[in-house]
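The values are calculated or read from the model by the stated rules, or taken from the named source; none is laboratory data. These numbers were taken from a predicted model, which means no experiment stands behind them. All Cβ positions, even for glycine, are placed from backbone atoms using ideal geometry, and neighbour counts span all protein chains on display. We work out accessible area using only protein heavy atoms, side chains counted, and drop any ligands, DNA or RNA first. Shrake-Rupley method; radii C 1.70, N 1.55, O 1.52, S 1.80 Å.
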Amino acid sequence: MPTVNSILADLKKKGSENIRKLYARHGMAADRVYGVKVADLKLVAKTIKGQQPLACELFETGNMEAMYLAGMVADGAKLTAPQLNAWLEGAADLQMIAEYTIPWLAVEHPQARELALKWIDSKIEHVAAAGWCTYGGIVALRPDAELDLGEIQGLLDRIVCSIHGAPNRVRHCMNNFIISVGGYVRPLLTEAKAVARRIGVVTVDMGDTACKVPLATAYIEKIEAMGRIGKKRKTMRC
């Protein structure tokens with residue numbers, strides 16, 4: 001039976017210095033990373049699928065790969081709101097956790113919308129980034145009839161007024177939120193495209209990488225050309 005210690009030992013063996021440096025270039029705290037490929041983490045996740053207590057223990061180690069693995073395995077609906085808040089607090093300097101793992105779990109929680117709005121209002125960069133990613137996940141998963149379209153429009157208006165002065169990673173996540181609304185919420189397609197045009201190019205420091213911030217107008221138009229506007233996702237995990 002896998003344990004936290006045995007999994008950590010396995011992750012450490014699977015790690016490589018090149019991948020560790022790659023994660024560091026993307027902004028991850030180097031001292032909290034082993035350098036394990038996501039593809040390898042997915043293989044480990046299959047061996048511990050459904051083991052919620054183990055997933056929680058893995059997250060609490062503070063190791064990035066263990067935390068990411070926990071996000072693949074845990075059921076967000078079974079976590080408490082205080083747990084999610086605490087886990088997000090522990091995701092500072094680990095953007096893969098703050099912008100992917102935590103939102104994956106938060107969107108499954110009954111209080112997903114409330115958590116997203118609370119986090120969006122935070123002055124802490126990684127918390128606000130998680131908030132925008134969580135709400136982006138909500139619009140990607142939930143039927144339009146279950147969404148508060150007026151509230152989402154309000155968030156789009158807020159982005160127009162604040163995106164270029166927002167913290168670095170928050171700008172990136174706001175831009176992705178516009179794309180999510182345009183791609184997944186058919187009733188707000190026109191509004192999302194208008195906001196995308198108004199904000200134009202969003203500048204984000206992506207670290208020592210070749211990554212670029214997608215131009216929201218072009219990205220939404222690409223989804224539209226593919227005939228995929230309004231087609232919801234089944235899960236945010238990847």
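With respect to A106, is the statement that it is in contact with a Leu (Cβ under 6 Å, 6 or more places away or on another chain), among the small types (G, A, S) and under 16 Å from A130 (Cα atoms) true?
Details: in contact with a Leu (Cβ under 6 Å, 6 or more places away or on another chain): yes; among the small types (G, A, S): yes; under 16 Å from A130 (Cα atoms): yes.
Considered against the rule, which asks whether it is in contact with a Leu (Cβ under 6 Å, 6 or more places away or on another chain), among the small types (G, A, S) and under 16 Å from A130 (Cα atoms), A106 comes out as yes.
Quick one: which of E17, E60, E65 is under 15 Å from A91 (Cβ atoms) and open to solvent by 70 Å² or more (accessible area, probe 1.4 Å)? Write out each step before concluding.
Values: E17 fails: under 15 Å from A91 (Cβ atoms); E65 fails: open to solvent by 70 Å² or more (accessible area, probe 1.4 Å).
None of the others qualify; the one that does is E60.
Select from region 212-234 the residues that are touching a residue at least 60 places away in the same chain (Cβ under 8 Å) and open to solvent by less than 60 Å² (accessible area, probe 1.4 Å) and list them in ascending order.
Residues of region 212-234 touching a residue at least 60 places away in the same chain (Cβ under 8 Å): 230, 232-234.
The answer is G230, and nothing else.
For region 20-77, which positions are farther than 24 Å from D205 by Cβ, part of a loop (DSSP other than H, G, I, E, B) and within 17 Å of the chain's Cα centre (by Cα)?
A74, D75 - these are the residues of region 20-77 that are farther than 24 Å from D205 by Cβ, part of a loop (DSSP other than H, G, I, E, B) and within 17 Å of the chain's Cα centre (by Cα).
For region 198-209, state whether one or more residues are assigned to a helix (DSSP H, G or I) and open to solvent by less than 40 Å² (accessible area, probe 1.4 Å).
yes
Could you list, in sequence order, the residues of region 93-148 that are assigned to a loop (DSSP other than H, G, I, E, B), touching a residue at least 40 places away in the same chain (Cβ under 8 Å) and open to solvent by less than 30 Å² (accessible area, probe 1.4 Å)?
Hits for region 93-148 are L94, V107.
Quick test of your reading of the structure: L79 fulfils all but one of (1) of a type outside the set (S, T, Y); (2) open to solvent by less than 10 Å² (accessible area, probe 1.4 Å); (3) closer than 28 Å to L11 by Cβ; (4) in contact (Cβ under 8 Å) with a residue 60 or more places away in the chain. Name the failing condition by number.
Going through (1) of a type outside the set (S, T, Y); (2) open to solvent by less than 10 Å² (accessible area, probe 1.4 Å); (3) closer than 28 Å to L11 by Cβ; (4) in contact (Cβ under 8 Å) with a residue 60 or more places away in the chain one by one, L79 breaks only (4).
Against the conditions (1) more than 28 Å from D93 (Cα to Cα); (2) buried (at least 18 other Cβ atoms within 10 Å of the Cβ), where does Q153 fall short? Just the number, please.
Of the numbered conditions (1) more than 28 Å from D93 (Cα to Cα); (2) buried (at least 18 other Cβ atoms within 10 Å of the Cβ), the odd one out for Q153 is (2).
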